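**Q** Just passing along the structure, written as structure tokens.
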Ligand SMILES: C[S@@+](CC[C@H](N)C(=O)[O-])C[C@H]1O[C@@H](n2cnc3c(N)ncnc32)[C@H](O)[C@@H]1O
């Protein structure tokens, strides 16, 4: 089945952060990630981009659309013994990272900063909005699919100009993922999550669609793109000569 890509506004993005339905939907996301195997997929993607020697040295990582930060806290718990010196910036337009999540990162020795800003404001003026101009790794999960057109190009252009490595884990636009998205109610997900899951698959990616939009100016990039797990679609990019 070939589904045309359609991007539509997701309900969660328009609810106030402390709306009970939004809180519940963010908790649902934890279960959705578990069903999708996101943490293991992202950990594998990061480790393919950042080899053991490089991981032992200081690393600056920026997550775009980080949400409540819990996905990366789980990842940090798995990686911290081999990735000991991480400075992490969690960017999201909603300020929703709980103190307990920040404490979890701190306990691992990861330095974390939360940046509550619209990603397109960052993309338009990266150095004016978020301190630090270069990132060893920019990462996203369930985020790029919110964008298309000029905003999508602006976002990818800013990321490519600011990092040496880029990783995205997005919904896969496939019949299987669409069927799965209609079943998230079985995980106990609320109406917001159920609707957004289906929208996310329609806005997701397949084939080499991310590669086709990745800007090549300013350095030669290597890329890898494809299916991951049953429901995800991943894209990795690294600059030629970047130590892995
Ligand atoms: C589906 S959630 C994913 C959160 C997290 N990456 C994860 O995988 O658990 C998408 C996130 O993108 C954020 N978001 C959507 N549009 C944004 C924008 N224009 N700028 C910054 N954040 C945005 C939302 O606030 C939300 O937290």
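Since every read-out is calculated from the coordinates, none of them should be taken as a lab result. All values reported here derive from a predicted model rather than from experimental measurement. As a convention, Cβ positions derive from the backbone with ideal geometry for all residues, glycine included, and neighbour counts pool all protein chains shown.
**Q** Select from 188, 226, 149 the residue whose mean-square fluctuation is largest in a Gaussian network model of the chain (Cα-Cα springs shorter than 10 Å).
**A** 149
**Q** Also, I was wondering about something else. Can you give me the P(r) profile for region 151-244? Cα pairs, bins 10 angstrom wide beginning at 0, each as a whole percent.
**A** Values per bin, smallest distances first: 16, 40, 27, 14, 3.
**Q** Once you treat every alpha carbon in region 92-137 as an equal point and sum by Debye, what is log10 I(q)/I(0) at q = 0.23, 0.28, 0.31 Å⁻¹?
**A** Debye intensities relative to I(0), on a log10 scale: -0.92, -1.04, -1.09.
**Q** Over 28 Å, how big is the tail of the calculated P(r) for region 19-239, in percent of all Cα pairs?
**A** 25 percent
**Q** When a footprinting reagent is the concern and you count Cβ atoms within 10 Å, what order do 214, 110 take, fewest first? Please list the in-between numbers first.
**A** Working: 214 18, 110 23.
If I rank by nearby Cβ atoms, fewest first, I get 214, 110.
**Q** Binning at 10 Å from 0, report for region 45-110 what percent of all alpha-carbon pair distances ends up in each bin.
**A** 21, 56, 21, 2
**Q** Of all DSSP beta bridges located in region 111-244, what percent are antiparallel, nearest 5?
**A** In region 111-244, DSSP labels about 70 percent of beta bridges as antiparallel.
**Q** With springs only between Cα atoms under 10 Å, which of 22, 116, 179 fluctuates most in a Gaussian network model of the chain?
**A** Comparing 22, 116, 179 in a Gaussian network model of the chain, the most mobile one is 179.
**Q** Right, here's the next one. Running a GNM on the chain with Cα contacts under 10 Å, which residue among 123, 168, 217 ends up with the highest mean-square fluctuation?
**A** Most flexible of the set in this elastic network: 217.
**Q** Using only DSSP helix segments of four residues or longer, with each worth -39500 (n - 2.57), what per-residue ellipticity at 222 nm results for the chain after dividing by its residue count and rounding to 500?
**A** My calculation for the chain gives -12000 deg cm²/dmol from helical runs alone.
**Q** When the Cα centres of region 170-223 and region 5-65 are compared, how far apart do they sit, in Å?
**A** 12 Å
**Q** Order of 153, 127 from fewest to most other C-beta atoms within 10 Å?
**A** Result, fewest neighbours first: 127, 153.
**Q** Quick one, can you get me the convex hull of the C-alpha atoms of region 65-172 expressed as volume per residue in Å³?
**A** Normalising the Cα hull of region 65-172 by residue number yields 102 Å³.
**Q** With 10 angstrom as the radius, rank 200, 240 by how many other C-beta atoms surround their C-beta, starting from the fewest.
**A** With the sparsest Cβ surroundings first, the list reads 240, 200.
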